[in-house]
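Reading through the structure tokens given below for one structure.
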Amino acid sequence: ETDTPQGRRDYLLVCLALEHGLRAGELADLHTDAFDLDSDPATMTFYRKKVKMHQIHKLEERTRRAAKAYFKHGEALPHGALLRASRKDGALTTVGMSEQAIYNRIRLLGESILHVTISPHTLRHTWATVATKNGTSIAALQKAGGLENIQAVPGNDPKVLAINMDVLPLQARGAGHV
């Protein structure tokens, strides 16, 4: 349900992983000031710790809308971590989600909504596979994904999901907290 703070956070989390190929650590390290939602195109600036590189991504439309909703409803704190942890009752806390919390939340959402076990890495592989199927060159994918070498670029990966993005806004009832 994207009409709750936790639901908006979860939707933004999945959009960032699935449409931009962010690693769990990169998601945990995102700060509110990483986003420029008023520019055309809207962008996100972040650091890929694994490959020691700053990047600017043009936000995909679905991710832009998810981020705008998250900021508009006050889920994003003025400063600090973008993705806030949540309590058992679904209320967001004032601290950011840890890398482990992101893994746990994505796994829980996958099991609750899609009835499969997924991880942030599954979403990253799905992003890369969809991009290559849509004509993104290996070089462009390598650059956008912060991939160190050509062997790191997945092709037709058996781990990818056939995800209908329209299903993802539905937060599983009783999905718990992370």
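Odds and ends about this structure:
- Neighbours by Cβ (under 9 Å, 6+ apart or cross-chain): first from the stretch 84-113, touching a residue at least 12 places away in the same chain (Cβ under 8 Å) and under 24 Å from His73 (Cα atoms); second assigned to a strand (DSSP E or B) and among the β-branched types (Val, Ile, Thr): Arg84/Thr93; Arg84/Thr94; Arg84/Val95; Ala85/Thr93; Ala85/Thr94; Ala85/Val95; Ser86/Thr93; Arg87/Thr93
- Qualifying residue in the stretch 9-29 (condition: in contact with a helix residue (DSSP H, G or I) (Cβ under 6 Å, 6 or more places away or on another chain), surrounded by fewer than 21 Cβ atoms within 10 Å (Cβ to Cβ) and free of Cβ contacts under 8 Å to residues at least 60 places away in the same chain): no
- Neighbours by Cβ (under 7 Å, 6+ apart or cross-chain): first from the stretch 43-72, closer than 19 Å to Leu141 by Cβ; second open to solvent by 80 Å² or more (accessible area, probe 1.4 Å) and not in a strand (DSSP E or B): Val51/Glu148
- In this entry, Arg84 is excluded by the filter for residues that are of a type in the set (D, E, K, R), within 15 Å of the chain's Cα centre (by Cα) and closer than 29 Å to Lys133 by Cβ.
- Checking the stretch 56-72 against the condition returns no match, with no residue being among the acidic types (Asp, Glu), crowded, with 17+ Cβ neighbours inside 10 Å, out of contact with any Phe, Trp or Tyr (no Cβ under 9 Å at 6 or more places or on another chain) and assigned to a helix (DSSP H, G or I).
- The one condition in (1) in contact with a Phe, Trp or Tyr (Cβ under 7 Å, 6 or more places away or on another chain); (2) within 28 Å of Asn134 (Cα to Cα) that Ala76 fails to fulfil: (2)
- The residue that is modelled with the lowest pLDDT, counting only those in the stretch 40-53 that are open to solvent by less than 40 Å² (accessible area, probe 1.4 Å) and not in a helix (DSSP H, G or I), is Arg48.
- Within the stretch 76-122, the only residue that satisfies the criterion of being over 20 Å from Asp3 (Cβ atoms), modelled with pLDDT under 90 and crowded, with 17+ Cβ neighbours inside 10 Å is Thr122.
The values are calculated or read from the model by the stated rules, or taken from the named source; none is laboratory data. All values derive from a computational prediction rather than experimental measurement. Positions of Cβ are backbone-derived with ideal geometry, glycine not excepted, and every protein chain shown enters the neighbour counts. Accessible surface is based on the protein model in full, side chains and every heavy atom, while ligands, DNA and RNA are left aside. Shrake-Rupley method; radii C 1.70, N 1.55, O 1.52, S 1.80 Å.
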